[in-house]
Amino acid sequence: MTAAAAATRIALVGAPNCGKSTLFNGLTGGRAKVANYPGATVETRHGRFETPGGRNVDLIDLPGFYGMSPRSLDEKIALETVLGKDGAAPELILALVDAANLRTHLQSVLQLRAIGAPMIVVLNMYDLALRDGFEIDLDKLEQELELPVVTTNATRKAGREALLSKLDGVLAHLTDIKPAPAGRYPAPEDIRAHQGAARRIADAAIEHEPLFNRATRIIDRFVLHPLLGPVILAALLFFMFQAVFTWSTGPVDFLDASAGALGGFVGAHMPAGWLHDLLVDGVIAGVGSVVVFLPQIVILFTFILLLEASGYMARAAFLMDEIMHRFGLNGRAFIPLLSSFACAIPGIMASRVIENDRDRLTTILIAPLMTCSARLPVYTLIIAAFIPKENVGPFNMQGLVLFALYIAGVVSAVLIAFLFKRTIAKARSQPLIMELPTYKVPNAKDFFISLWMRASAFLKRAGTVILATSVILWFLAAFPASATTLRESFAGRIGALLEPLLAPIGFNLEIAIALVPGMAAREVAVGALGTVYAVHGGPDNAQGLSETLQSAWSLPTALAFLAWYVFAPQCFATLATIRRETGSWKWSGFALLYLFTLAYAGAGIVYWGARAAGL
Amino acid sequence: MLLSEMKKGAAGRISAISAEDPLIEAKLREIGFAENDAVELAHIGPLGRTPVCVRLNRTLIALRLDEAKAISVSLDP
């Protein structure tokens, strides 16, 4: 073969929780590209690696599925990729099965075999199965399946060698195998037949099978207890949000001081002029004010990723299902909605696991109400400035206010879901059938790769959207050069147009100006306020932004601003994601409209309520 | 007896799987339910006994009472 440039397309398929991403990260080193297929909302991870024999492989990681009767969009995407409906079927399928769950997982292998897909069966987590006491006759399994079988231990390099050496042999003869014909979904009698065959083969190959995982059984006695379970869940969530606020103090202060020092250094070593002002007041102040919140985002994602990888998240969905069901959602919506606390974009994309279109639409529409990490910079700034650092009982007052803001988002999301399910997203109740995986210690490499993907996405936003808006806002606030006060600048003129609209809910001109660039991304408003007040106050203003706000805003205004941020859909990326996932700008427009209405009403109620209460 | 009628801690073997919606039956089978398999009702949801969580072979599966009605079980004596 001379065509070394053409990589062999190999798809990685398997049930959820069978270690697919660990194997993917192990084979590709975690360097993945997220690719979009034209014409569809398909988004899959692609990675490259080279086999020992020197073949280039394009490895495609697909969402997990149990069999070929897809119900959710995620499963449809996986199956359509396998069947080649996007144009090019993979040349080889690596069918991952959990070695400890052969009976069930062999069903999809047999379904895929029936459509003629070229395949290697990979018994993953083989070491764990052996440790638990499994004895499996691999030769027998290979014979019965009439497919090549290898065992892997995805977490260790040595555990993947058998697979890599098998790959070369199979790929060498790949041209002999016909490409998979365009498949169809299996008929009920096929499913029964494949189920029977899968069991027969598994029973023939398994020589000894241990009992159900004891640790999981013991942990679940507490975690899934009807009374204790919800208490543990609530405590975990509460701890998580307190941690986001308290653990981040040190790193945040450090980054804050670093940004200040950098601004001071550049300020002192550059000749005065517009470039000096642009760098110090625009770029460093704007980007710096957002980057300082990286520690909080990292802490929040750390919790979410660990809960997900340990197997707890599915338990949370189980505990939450009925209450969410009564409000017209689905327990499966718990995971997308919890991810939305970090960022609505992965949250909205994670809603693909929801089988019913209407349930999915409702989840997508309320996901932006979950307090995403982009709101944290705004919340923490205002809370630090206006809420006293006292303790109420054992709790930190600032932490409590933050918690209340999260709760406000959740409660309104629940009410909105209830309303939507009775109006625009009417549908009959949909099934829930979900596996609760065995608990496991999260894999460190997978964890750090996922965490890095999230943190770098945030930094990339800081380096692009936020950098650009900081510069634009600085320009708008500093020019025309004839302007001596903020009101005369370009930003002041735009803000002045908005001010009459926002004045009834207690917002002043500076807020109106900061909201203009804040439309692109929520956290931009912090940088924008920094820029607006820095320019406004002149270069002699050495006060921190928080102190500036204390003197510039009344308490009702600050509270109204917080309430506005609970709802306001100030994120282009989220609206674009809604468009992509629902296939229509109509729903993005609807989300924009209903969320701004809520924001205006919420801020107004809080402002006038606080004034009436004499705050 | 239907799986949806089982008490917490009860165990038995699946005698039949049939749902009005063929996709539900397919889904139940693909996730691992099969005739003659041992099941145990391991956990119940905190609100209104639903969803239920059953131990099936070496897995735990959560399903709502509506889906559990599709599965008939003969209880262990």
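At a glance:
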read-out: Within straight-line cross-link reach of A:LYS440, aspartates and glutamates at Cα separation under 18 Å, skipping those fewer than 8 residues along the same chain; value: A:ASP98, A:ASP127, A:ASP132, A:ASP220, A:GLU308
read-out: Largest to smallest accessible area among B:ILE14, A:ILE115 [probe 1.4 Å]; value: A:ILE115, B:ILE14
read-out: Per-residue [θ]222 nm for chain A (sum of -39500 (n - 2.57) over DSSP H runs n ≥ 4, rounded to 500); value: -18500 deg cm²/dmol
read-out: Translational D in µm²/s for the protein assembly as shown (Stokes-Einstein at 10 °C, 1.306 mPa s, Kirkwood Rh from C-alpha pairs); value: 58 µm²/s
read-out: In order through the range A:521-531: 3J(HN,Hα) via Karplus (6.51 cos²θ - 1.76 cosθ + 1.60), integer Hz, x for Gly, Pro; value: 7, 4, 5, 4, 4, 5, x, 5, 4, x, 5
read-out: Per-residue SASA entry for A:HIS105, accessible area with 1.4 Å probe, Å² rounded to 10; value: 10 Å²
read-out: Solvent exposure ordering (accessible area, 1.4 Å, most first) of B:VAL52, A:VAL441; value: A:VAL441, B:VAL52
read-out: Semi-axis lengths, Å, the range A:8-209, gyration tensor of Cα atoms, sqrt of 5 times eigenvalues; value: 24, 21, 16
read-out: Residues in the range B:1-42 that, when all protein chains are in place, have 50 Å² or more less accessible area than the chain alone would give (probe 1.4 Å); value: B:LEU23, B:LYS27, B:ARG29, B:GLU30, B:ILE31
read-out: A:TRP247 - accessible surface, heavy atoms, 1.4 Å probe, Å² rounded to 10; value: 140 Å²
read-out: Most to least accessible of A:ARG131, B:ARG58, A:ARG156 (protein chains only, probe 1.4 Å); value: A:ARG131, A:ARG156, B:ARG58
read-out: Between 0 and 90°, nearest 10: helix A:376-386 axis offset from chain A longest Cα axis; value: 40 degrees
read-out: Cα-based Rg and Dmax for the range A:290-386, where Dmax is the largest Cα-Cα distance (Å); value: 14.4, 44
read-out: Positive-end residue, the range A:8-209 charge dipole about Cα centroid, Cβ charges, pick of A:VAL150, A:ILE77, A:HIS173; value: A:ILE77
read-out: Net dipole in debye of the protein assembly as shown [+1 Lys, Arg Cβ; -1 Asp, Glu Cβ; about Cα centre; nearest 20]; value: 780 debye
read-out: Overall form of the range A:539-615 per C-alpha gyration tensor (a/c, 1.5; a/b vs b/c); value: oblate
read-out: Area accessible to solvent at A:ARG360, 1.4 Å probe radius, in Å²; value: 20 Å²
read-out: Chain B, dipole about Cα centre (Lys/Arg Cβ +1, Asp/Glu Cβ -1), debye to the nearest 20; value: 340 debye
read-out: Share of carbon and sulfur in the accessible heavy-atom surface of the range A:8-209 [1.4 Å probe, %]; value: 49 percent
read-out: Most positive-pole-ward Cα, A:GLY29, A:TRP247, A:ALA350, against dipole of chain A from beta carbon charges; value: A:ALA350
read-out: D (Stokes-Einstein, µm²/s), Kirkwood Cα radius, the range A:227-613, 1.002 mPa s at 20 °C; value: 98 µm²/s
read-out: Shielding of A:207-215 by partner chains, average beta-carbon count, 10 Å; value: 2
read-out: Mean-position separation - Cα centroids, the range B:37-77 and the range A:381-450, in angstrom; value: 28 Å
read-out: Net charge contributed by nearby residues that have their C-beta within less than 11 Å of A:ASN153 (K/R +1, D/E -1); value: +2
read-out: Relative contact order computed over chain A (Cα-Cα under 8 Å; 6+ residues apart), in percent; value: 11 percent
read-out: Number of partner chain Cβ atoms within 10 Å, mean per residue of B:65-72; value: 1
read-out: Overall form of the range A:73-115 per C-alpha gyration tensor (a/c, 1.5; a/b vs b/c); value: prolate
read-out: Net +/- balance of residues flanking A:PHE420 in space, Cβ distance below 11 Å, scoring K and R +1, D and E -1; value: +3
read-out: Geometric extent, Cα atoms of chain B - Rg, Dmax (angstrom); value: 11.1, 32
read-out: Antiparallel DSSP beta bridges within chain A, percent to nearest 5; value: 45 percent
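The values are calculated or read from the model by the stated rules, or taken from the named source; none is laboratory data. Keep in mind it's a predicted model, so treat the numbers as computed, not measured. We place every Cβ from the backbone using ideal geometry, glycine too, and count neighbours over all the protein chains shown. Areas reflect the complete protein model, heavy atoms only, side chains present, ligands, DNA and RNA absent. Shrake-Rupley method; radii C 1.70, N 1.55, O 1.52, S 1.80 Å.
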